[in-house]
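Q: Have a look at this one before I ask anything.
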Amino acid sequence: MSKGKAISQQVIKRLPRYFSHLGYLMESDVSRVSSMELAGQMNLTASQIRQDLNHFGCFGQQGYGYNVRILREAIGKILGLDREYGLIIIGAGNLGQALANYTRFENMGFVVKAVFDISPEICGRRVGKCVVKHIDELEDYTASGKVDIAALTLKSKGAQDVVNRIVKAGITAVWNFASFELKVPEGVIVEDVHLLDSLMMLSYNLHSND
């Protein structure tokens, strides 16, 4: 990996795309691929792909291309996918339940350890592999269990109070599905996922095309 020079977020955001596409190629029994072939398949340019990967090392050979399996494993390590992460979900509504039931997370090393909610009607129910706990159990659970990431799938109201509790409990990575801009101290990472924003962008582009 290159040292001394910051790698742009745009490059980093393309890494999961490379990782996923290389997985598809492996499933299709493709063992080698050139930057030109990848470019055509992923709607990128060969130069962009080479520049992106050169930030992290030398993976291909001229006239040979990339070994698909080796390149995917290398990108997986860059993304930190060579270890297991403990994930908790706060909010056991439809979205929280969908995340808890998505088996591919665990296949990728993101293991759902616990699900929390505030509703007495939901607490005690089984969601995925977990029995939903009341949010009041959060601190006791995080004190005794290894948690790396907290996914917030609750309503915007109360999201900041919950994230304050998460941070105080020592969790430094938040996957935020709440339509609310969270305030966190330095050192805490927040990845915002705004599903409705994406739909509104689709709506805008459809409207513009019309």
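Q: For residues that are open to solvent by 50 Å² or more (accessible area, probe 1.4 Å) and small (Gly, Ala, Ser), scanning just the stretch 14-33, find the one that is nearest to ARG72 (Cα to Cα).
A: Selected residue: SER20.
Q: If you go through the stretch 99-148 one residue at a time, how many are open to solvent by 20 Å² or more (accessible area, probe 1.4 Å), touching a Lys or Arg at 6+ places or on another chain (Cβ under 8 Å), hydrophobic (A, V, I, L, M, F, W, C) and in a strand (DSSP E or B)?
A: Result for the stretch 99-148: 2.
Q: For the condition closer than 30 Å to PHE116 by Cβ and touching a Lys or Arg at 6+ places or on another chain (Cβ under 9 Å), what is the one hit in LEU79, LEU87, LEU44, LEU22?
A: After ruling out the rest, the residue left standing is LEU87.
Q: Conditions: (1) part of a loop (DSSP other than H, G, I, E, B); (2) surrounded by fewer than 17 Cβ atoms within 10 Å (Cβ to Cβ). MET36 meets all but one. Number of the miss?
A: For MET36, the failing item is (1).
Q: Just one of ARG50, ARG72 is touching a helix residue (DSSP H, G or I) at 6+ places or on another chain (Cβ under 7 Å), in contact (Cβ under 8 Å) with a residue 40 or more places away in the chain and open to solvent by 10 Å² or more (accessible area, probe 1.4 Å); which is it?
A: ARG72
Q: Only one of (1) open to solvent by 30 Å² or more (accessible area, probe 1.4 Å); (2) touching a strand residue (DSSP E or B) at 6+ places or on another chain (Cβ under 9 Å); (3) under 30 Å from CYS123 (Cβ atoms) is not met by ASN94, so which one is it?
A: If we test ASN94 against (1) open to solvent by 30 Å² or more (accessible area, probe 1.4 Å); (2) touching a strand residue (DSSP E or B) at 6+ places or on another chain (Cβ under 9 Å); (3) under 30 Å from CYS123 (Cβ atoms), just (2) comes out false.
The values are calculated or read from the model by the stated rules, or taken from the named source; none is laboratory data. Treat the numbers as computed from the prediction; the structure is a model and nothing was measured. Note that each Cβ is placed from the backbone with ideal geometry, even for glycine, and that neighbours are counted across all protein chains shown. With ligands, DNA and RNA removed, areas are computed over all heavy atoms of the protein, side chains included. Shrake-Rupley method; radii C 1.70, N 1.55, O 1.52, S 1.80 Å.
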